[in-house]
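Heads up: the structure comes next, in structure tokens.
Read the figures in this text as sums done on the coordinates, not as results from a lab. All values reported here derive from a predicted model rather than from experimental measurement. Positions of Cβ are generated from backbone atoms using ideal geometry, with glycine treated the same way; all protein chains shown enter the neighbour counts.
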Amino acid sequence: MKTNQISLTFSSISENVGITRLLIASVGAQLDLPLNDIEELKVAVSEAVSNAIIHGYSNNPDYIVFLDLDIANDTLKIVVRDEGCGIPNVEQAMQPAYSTDPERMGLGFVFMQSFMDELQVESTLEVGTTVTMMKHFKQTPISSH
């Protein structure tokens, strides 16, 4: 039974999005996930982290983003949290093509929803936003040779 916990805190700068992609790819590989699943995990995590940096913190590098990974019972749980401005209307924010930034496609939550088995978004104005994503996988028995 594989269980693992990883917590990462990092500055709210776009360079760190790449680091979170590497981390989740590495975890996906350890879980023997198919390459396609790993690609989807990378997109979902980088979208959640980008949202925290761009929308939660308005690209202000002086803040911290929290990433927690928890692997247990055939489930990978990913939690991305910020202590930023919060989302006034989570339901509206999760609509396809909705974005407060005209430069952005507004598909972040759509990708998270389609690539993960579960997505939960909790947000409080001026307190922050927590995005919880779950991915179920099949445990592969460790071979004896």
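Data overview
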quantity	calculated
Index of the failed condition, residue 74 passing every other in (1) closer than 23 Å to residue 5 by Cβ; (2) surrounded by 16 or more Cβ atoms within 10 Å (Cβ to Cβ); (3) of a type outside the set (S, T, N, Q)	(2)
Residues satisfying the stated conditions in region 91-116, i.e. surrounded by fewer than 16 Cβ atoms within 10 Å (Cβ to Cβ) and touching a Ser or Thr at 6+ places or on another chain (Cβ under 8 Å)	105
Count of residues meeting criterion [touching a residue at least 60 places away in the same chain (Cβ under 8 Å), farther than 20 Å from residue 76 by Cα and touching a helix residue (DSSP H, G or I) at 6+ places or on another chain (Cβ under 8 Å)] in region 38-65	1
Residue satisfying condition, being more than 17 Å from residue 124 (Cα to Cα) and surrounded by fewer than 16 Cβ atoms within 10 Å (Cβ to Cβ), within set 22, 67	22
Matching entry among 124, 130 (being in contact with a Gly (Cβ under 8 Å, 6 or more places away or on another chain) and either of a type in the set (Val, Ile, Thr) or farther than 23 Å from residue 9 by Cβ (or both))	124
